[in-house]
Amino acid sequence: QQPPSFLSRIPMSSSGKSRPNRSSYYDIDDILIESEPVTVSFRIDATDLGYLDPNGISDDVKEDAKVQVPFWLAESLKKRNVVDINIPDYLGKAFEKNFLAEPEAMDLRERCPPHFYELGQRLSELFQDPSITGMLLKGLGARFREIIVRSTVWRANTHAPFVSKLALLEEEILNTKHDAERAIYKWRTGDKRYRKRKKYS
């Protein structure tokens, strides 16, 4: 049996060593992560790239212009020394202070992109800033405990406010843990129909 897909998307060690085979061309999560917008500042005048700026009136992008582009394009332009990527608010020091002060209370779904952890990790690698990965790991670790506690009954209405604050990675962890608990319960209570279905699946 294959391990849950979310495991490959949990931020790497804060040592800064990249995980091999990080992404897959055909992985829908990677496609969505690469499509997340980030703000870049152009280091040079860029000819014929004016279409990147929806508010621009020129065919070119001028030096120091700030434009939102998909992450995959920002990464490519940065490696060519065409742009600098601006640190988004959800990875800034003010956010980090609030997030780590009370991680369980943070509404990541409202304040951050859906793939907060995964995109944050990619940006951490680009910035060569392991402190970002450290923040992601600390926050996820603190929230993970609450996710596990609530996973057995998370579909109850009383848990809806908590679930509504989760990033997509956290929600996938929650779903996987809940389904595992349900499967173990059925196995232990002798649900023969469930055992038979698992045997021939």
Worksheet item: Out of all the residues in region 89-112, is one or more open to solvent by 70 Å² or more (accessible area, probe 1.4 Å), hydrophobic (A, V, I, L, M, F, W, C) and under 24 Å from Asp30 (Cβ atoms)?
Response: no
Worksheet item: What is the residue count in region 33-72 for residues that are assigned to a loop (DSSP other than H, G, I, E, B) and either farther than 28 Å from Leu168 by Cβ or hydroxyl-bearing (Ser, Thr, Tyr) (or both)?
Response: 17
Worksheet item: Can you name every residue in region 65-86 that is in contact with a strand residue (DSSP E or B) (Cβ under 6 Å, 6 or more places away or on another chain) and open to solvent by 80 Å² or more (accessible area, probe 1.4 Å)?
Response: Lys66, Gln68
Discussion item. Show me the helices (runs of 4 or more DSSP H) found entirely inside region 73-142 where at least 3 residues are in contact with a Leu (Cβ under 7 Å, 6 or more places away or on another chain) and closer than 19 Å to Glu34 by Cβ.
Written reply: 116-127
Worksheet item: Has region 23-41 got at least one residue that is surrounded by 15 or more Cβ atoms within 10 Å (Cβ to Cβ) and farther than 30 Å from Val163 by Cα?
Response: yes
Discussion item. Could you tell me how many of the residues in region 22-74 are under 23 Å from Pro114 (Cα atoms), modelled with pLDDT under 90 and of a type in the set (Gly, Ala, Ser)?
Written reply: 2
Worksheet item: Would it be correct to say that Phe127 is surrounded by fewer than 19 Cβ atoms within 10 Å (Cβ to Cβ), over 13 Å from Leu168 (Cα atoms) and not aliphatic (A, V, I, L, M)?
Response: yes
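The values are calculated or read from the model by the stated rules, or taken from the named source; none is laboratory data. Keep in mind that this is a model prediction, so the values were computed, not measured. Every residue, glycine among them, receives a Cβ derived from its backbone with ideal geometry; neighbour counts consider all protein chains shown. The protein model used for the area step is the full one, side chains on, heavy atoms only, and it has no ligands, DNA or RNA in it. Shrake-Rupley method; radii C 1.70, N 1.55, O 1.52, S 1.80 Å.
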